[in-house]
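Chemist: Next up is a structure, given as structure tokens.
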Amino acid sequence: MKLEESVSSSNIIARLLPPEDPNPQNGSISGAVFNITTTMIGAGIMSIPATMKVLGIVPGLVVIVLVALITDVTVEFMLRYTSSGKSSTYAGMMAESFASIGSLAVKICVIISNLGVLIIYFIILDVLSGNESNGITHLGILQEWFGINWWTSRAFALLIVALFIMLPLVMLRRVDSLKYSSAIAILLAFVFVVICSSMAVSALLSGKTQTLRIVPDFSQATVLDLFTTIPVFVTGFGFHVNVHPIRAELGKVAHMGLAARISLIICVAIYFAIGFFGYLLFGDSIMPDVLVNFDQNSHTSAGRLLNTIVRLSYALHLALVFPIMNYSLRANIDELIFSNKNKPPLASDTPRFVSLTLTLLALTYFVAVAIPNIWFFFQFLGSTTIVCTSFIFPAAIVLRDMHGISKTKDQVMAIVVIVLAVGTSGIAIWTNLNGSGAAQ
């Protein structure tokens, strides 16, 4: 009797979830571009203008392009070694080169970085309900509209977003199913860029723009301060943890390489545009989170309307990015906890899928409610776990070369990538620990 009840419960849950696609390799290039671009354009876009204040416009563009090129190189490394090996996951690819210790290292880094990023996404959604920083209370959109009530509080507002926007999306079993929400997220990012650029052009025509810094001003920042901007770009371009899930649903590996390059071009354009126009608009008063500047610039009705649109569009953008990052986090936790090779795929095991999905969503929600501000953790992630999964691990696989396919130029490039990654991240960590980051 109990067995029948258990089977019946599983059937009920299965009906509530989208059915598993019988043909998993029918993902489109456009869907891959949407998902990759959405992965990259996350919370980091809000800190891009602050990096321009430290670096200056020209060095800022150079760093954006450089990080994008290194990202393209390391993604190509991953695709080549995935095709030559037998594994279809990041952890499996590392296991082929470095045994179980390599697989474990990837899983731990992905879990720490993705979990941290998802919590940050929740926290930034404070634009809806407001927050208190350094003794200053910033009212959220809901509080500006309806006043301070229990149903405009952080906990309740985030709960509504989690239940009615995030939950339906994280319940989708295939990453390609998120292509439509990812397309909307990209559109919202363009809305932010268009509004910011329009405001900057309007200010320029009115003679109210700030003086741009073309190169670093070493009277206000040291050489070491320049390295504190690197984690922002590393985090922004770090989509490597989603390479395998997205690739697995495409028919040809070449399509994944093309989708990655298109996505990188889009992100370079968006990052430089928001960095340039954001810095042009606010100058040296730019904050590490540019949304704070929009909150302060609302002296007219038109200004308040634009500020509301910017904050609402960005809040919805983050809510739609959340499922993409959650996908790889859930897969790696499943591999770590349920390591039995004979277990069914996560998407086809309904009880396991539902319990893991709900647990992760609840965990990120409660941590975000309990911790109102973890921007320092954002910098930590870009200097440690994300730089490992994005640059160090792919380069290490090439140097290990278990399949004998790397050429001399590949190994030289891999060494350069590791030296740059370790060197810049080490300096950034040391500078931040000493509290001298100019963008803080």
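The values are calculated or read from the model by the stated rules, or taken from the named source; none is laboratory data. As the structure is a prediction and not an experimental result, all values here were calculated from the model. We place every Cβ from the backbone using ideal geometry, glycine too, and count neighbours over all the protein chains shown. Quick note on the areas: whole protein, heavy atoms, side chains included, nothing else; ligands and nucleic acids left out. Shrake-Rupley method; radii C 1.70, N 1.55, O 1.52, S 1.80 Å.
Chemist: Take the conditions touching a Lys or Arg at 6+ places or on another chain (Cβ under 7 Å), open to solvent by less than 70 Å² (accessible area, probe 1.4 Å) and closer than 25 Å to Phe34 by Cβ and apply them to Leu318. Does it pass?
Modeler: Numbers: touching a Lys or Arg at 6+ places or on another chain (Cβ under 7 Å): no; open to solvent by less than 70 Å² (accessible area, probe 1.4 Å): yes; closer than 25 Å to Phe34 by Cβ: yes.
No, not satisfied.
Chemist: Tell me, which residue of the stretch 230-288 that is touching a strand residue (DSSP E or B) at 6+ places or on another chain (Cβ under 8 Å) and among the hydrophobic types (A, V, I, L, M, F, W, C) is nearest to Lys107 (Cα to Cα)?
Modeler: It comes out as Ile246.
Chemist: Condition first: within 21 Å of Ser285 (Cα to Cα), aromatic (Phe, Trp, Tyr) and buried (at least 22 other Cβ atoms within 10 Å of the Cβ). Now tell me which residues in the stretch 201-260 satisfy that.
Modeler: Phe227, Phe233 - these are the residues of the stretch 201-260 that are within 21 Å of Ser285 (Cα to Cα), aromatic (Phe, Trp, Tyr) and buried (at least 22 other Cβ atoms within 10 Å of the Cβ).
Chemist: Please give the helices (runs of 4 or more DSSP H) falling wholly within the stretch 208-282 in which 3 or more residues are within 14 Å of Leu61 (Cα to Cα).
Modeler: Working: elements: 223-226, 230-237, 243-248, 253-282.
In the stretch 208-282, 230-237, 253-282 are the helices (runs of 4 or more DSSP H) which contain 3 or more residues that are within 14 Å of Leu61 (Cα to Cα).
Chemist: Given the criterion free of Cβ contacts under 8 Å to residues at least 40 places away in the same chain, in a helix (DSSP H, G or I), closer than 24 Å to Leu306 by Cβ and over 28 Å from the mean Cα position of the chain (by Cα), identify the matching residue among Ser198, Ser202. Talk me through it step by step, then tell me what you get.
Modeler: Numbers: Ser198 fails: over 28 Å from the mean Cα position of the chain (by Cα).
One residue alone meets the criteria, Ser202.
Chemist: If I filter the stretch 63-74 for residues that are more than 16 Å from the chain's Cα centre (by Cα) and hydroxyl-bearing (Ser, Thr, Tyr), do I get at least one hit? Give the derivation first.
Modeler: Initially, the stretch 63-74 is screened for residues more than 16 Å from the chain's Cα centre (by Cα), giving 63, 65-66, 69-70, 72-74.
Next, from what is left, pick out any that are hydroxyl-bearing (Ser, Thr, Tyr): 74.
There is at least one residue in the stretch 63-74 that is more than 16 Å from the chain's Cα centre (by Cα) and hydroxyl-bearing (Ser, Thr, Tyr).
Chemist: Let me confirm something: among Lys179, Lys208, which residue is free of Cβ contacts under 8 Å to residues at least 40 places away in the same chain and among the basic types (Lys, Arg)?
Modeler: Working: Lys179 fails: free of Cβ contacts under 8 Å to residues at least 40 places away in the same chain.
Answer to the check: Lys208.
Chemist: Taking the stated definitions as given, is Asp295 assigned to a helix (DSSP H, G or I), buried (at least 22 other Cβ atoms within 10 Å of the Cβ) and at pLDDT below 85? Give the steps one after another, and end with the answer.
Modeler: Details: assigned to a helix (DSSP H, G or I): yes; buried (at least 22 other Cβ atoms within 10 Å of the Cβ): no; at pLDDT below 85: yes.
Considered against the rule, which asks whether it is assigned to a helix (DSSP H, G or I), buried (at least 22 other Cβ atoms within 10 Å of the Cβ) and at pLDDT below 85, Asp295 comes out as no.
Chemist: Would you pick out the residues in the stretch 302-342 that are within 23 Å of Val243 (Cα to Cα) and among the charged types (D, E, K, R)? Lay out the reasoning, then the answer.
Modeler: Going residue by residue through the stretch 302-342, those that are within 23 Å of Val243 (Cα to Cα) are 317-339, 341.
Answer for the stretch 302-342, where residues must be within 23 Å of Val243 (Cα to Cα) and among the charged types (D, E, K, R): Arg330, Asp334, Glu335, Lys341.
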